[in-house]
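First up is the structure itself, then whatever we jot down about it.
The values are calculated or read from the model by the stated rules, or taken from the named source; none is laboratory data. Given the structure is predicted, the values throughout are model-derived calculations rather than measurements. Heads up, the Cβs are rebuilt from the backbone with ideal geometry, glycines too, and the neighbour counts pull from every protein chain shown. Protein only, heavy atoms only, side chains kept; ligands, DNA and RNA dropped before computing areas. Shrake-Rupley method; radii C 1.70, N 1.55, O 1.52, S 1.80 Å.
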Amino acid sequence: MINLCVLIFLSSSGRGGRELNTIRLIPYLQERGMKITVVVLDCGGYVTQWCCNNGVNYHFLGLWPGKLNFIAVAWRFFLIIIKTKIDLIQVYGFTASMLCRFIARPMGVRVVVGIVGAGHFTGVRPLYERLTQKMVNCYVANSLAGKNKLLQIFRDYPPWIDVIYNGVPGIKAPPPLVEKNCFTIGTVANLRPEKGYDVMLEALAQVKSDLGERIIFKYLIVGDGALRKALTEKIHYLGLTEQVYLLGMVENVTEVIYKFDLFVLPSYTEGFPNALLEAMMAGRCVIATNVGGVPEVIEDGYNGLMVEPGNPEELSRAIKKVILNHQLQKNMALRGREVVCKNFTLTRQAEETIRVWKAVYQEGKGVSQ
């Protein structure tokens, strides 16, 4: 049995999907004999606080607020590799992965680059990936969409690419969906432009206009970010002040999701959204846009509904369809939970991750290409 010493290197220590998935996964990796050290590229935050509270070895490199201190950061990273004596690095984020390629690989450390979304390959990044692909032992995408994007970039010379889907914690059987006077819709996502809140608010204004007094609904937004002021203004402009509530960051997200009758993810782009999986695990009916890895989770009309991004009319129709058909809502919610419990657990993600790590460490050929 190989027990590896693995350094997980994150570009951010914030509270995004990748960071949350990583800290949830670490205990499962440790239970299976992996020795984990965490490094973050910035000055520390939610991730490093979690590591401190849970006895996980961690370092932060301090690349903040700009990149003027990049040489000092690179030197710190070099010293960490020497002192930690790691077998392998799992890295997320472009800048962090470039540090690994030019510092860790020449030192003989194997590098696995995590890809969390096909939409990140913009500008000159595809060129840099092609130029430095031989400095990466393996790429791991969290969706087939991410893998296919890499295959497009590398064309006739594809590297080793594997797919490992995100997992979410198992939770108790959810309370049943019941018909009631007020229908609750919700989204869990940071307040950023790519999350599509502008489209969602326009769709809700249409729902309110079409359903009138027949249905009372409210929309709960869990998350925070730079768009808070702009969203507040749009909520007032569309006449949704009595329907929409900005809850900010919430500690126990699952308890809020249990209050939803419908979870909507109206994003313009996604990788493989944890929040969608969590809502399905919690037995909530879901609607999401047909982007990134979403089609790899949702079978339209079976365990959820999919709509095209940037289309408030289509989204409003989907929302009304769920509101007006309780049996459809209930059936899709039950099937969604079954799919996530079977295919998207942290146990499965940990086992698949260790499988790839060991194969990379042994330079084995048995991992699917």
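Condition check: without any contact (Cβ under 8 Å) to a residue 24 or more places away in the chain and surrounded by 17 or more Cβ atoms within 10 Å (Cβ to Cβ). Does Val124 satisfy that? Considered against the rule, which asks whether it is without any contact (Cβ under 8 Å) to a residue 24 or more places away in the chain and surrounded by 17 or more Cβ atoms within 10 Å (Cβ to Cβ), Val124 comes out as no. Take the conditions at positive phi and either among the acidic types (Asp, Glu) or surrounded by fewer than 19 Cβ atoms within 10 Å (Cβ to Cβ) (or both) and apply them to Gly55. Does it pass? It is true that Gly55 is at positive phi and either among the acidic types (Asp, Glu) or surrounded by fewer than 19 Cβ atoms within 10 Å (Cβ to Cβ) (or both).
Whenever a residue of the range 299-328 is closer than 11 Å to Ile287 by Cβ, its partners that are of a type in the set (S, T, N, Q) and surrounded by fewer than 17 Cβ atoms within 10 Å (Cβ to Cβ), lying with C-beta atoms within less than 8 angstrom and at least six residues away or across chains, give the pairs Met306/Asn290; Val307/Asn290. Kindly provide the set of residues from the range 1-51 that are among the small types (Gly, Ala, Ser) and under 19 Å from the mean Cα position of the chain (by Cα), ordered by number. If the condition is that a residue be among the small types (Gly, Ala, Ser) and under 19 Å from the mean Cα position of the chain (by Cα), then Ser11, Ser12, Ser13, Gly14, Gly16, Gly17, Gly45 are the ones that fit. Give the residues of the range 186-197 that are more than 12 Å from Asp261 (Cα to Cα) and either open to solvent by 20 Å² or more (accessible area, probe 1.4 Å) or hydroxyl-bearing (Ser, Thr, Tyr) (or both), sorted by residue number. Result: Val188, Asn190, Arg192, Pro193, Glu194, Lys195, Tyr197.
So how many residues does the range 225-261 have that are closer than 20 Å to Gly170 by Cα and open to solvent by less than 50 Å² (accessible area, probe 1.4 Å)? So the count comes out to 8. What are the residue pairs meeting all of these: first residue in the range 76-104, first residue among the acidic types (Asp, Glu) and modelled with pLDDT under 95, second residue open to solvent by 30 Å² or more (accessible area, probe 1.4 Å) and assigned to a strand (DSSP E or B), Cβ atoms under 9 Å, and 6 or more apart or on different chains? Here the result reads Asp87/Lys35; Asp87/Arg110, each pair linking the range 76-104 to a residue that is open to solvent by 30 Å² or more (accessible area, probe 1.4 Å) and assigned to a strand (DSSP E or B). The set of residues from the range 280-334 being closer than 28 Å to Ile115 by Cα, of a type in the set (Val, Ile, Thr) and in contact with a strand residue (DSSP E or B) (Cβ under 7 Å, 6 or more places away or on another chain) comprises Val286, Ile287, Thr289, Val294, Ile298, Val307.
Okay, residues lined up against (1) open to solvent by 20 Å² or more (accessible area, probe 1.4 Å); (2) touching a residue at least 60 places away in the same chain (Cβ under 8 Å); (3) under 30 Å from Asn325 (Cβ atoms); (4) out of contact with any strand residue (DSSP E or B) (no Cβ under 8 Å at 6 or more places or on another chain):
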site	(1), (2), (3), (4)
Met135	yes, no, no, no
Asn142	no, yes, no, no
Lys172	yes, no, yes, yes
Thr184	no, yes, yes, no
Val199	no, yes, yes, yes
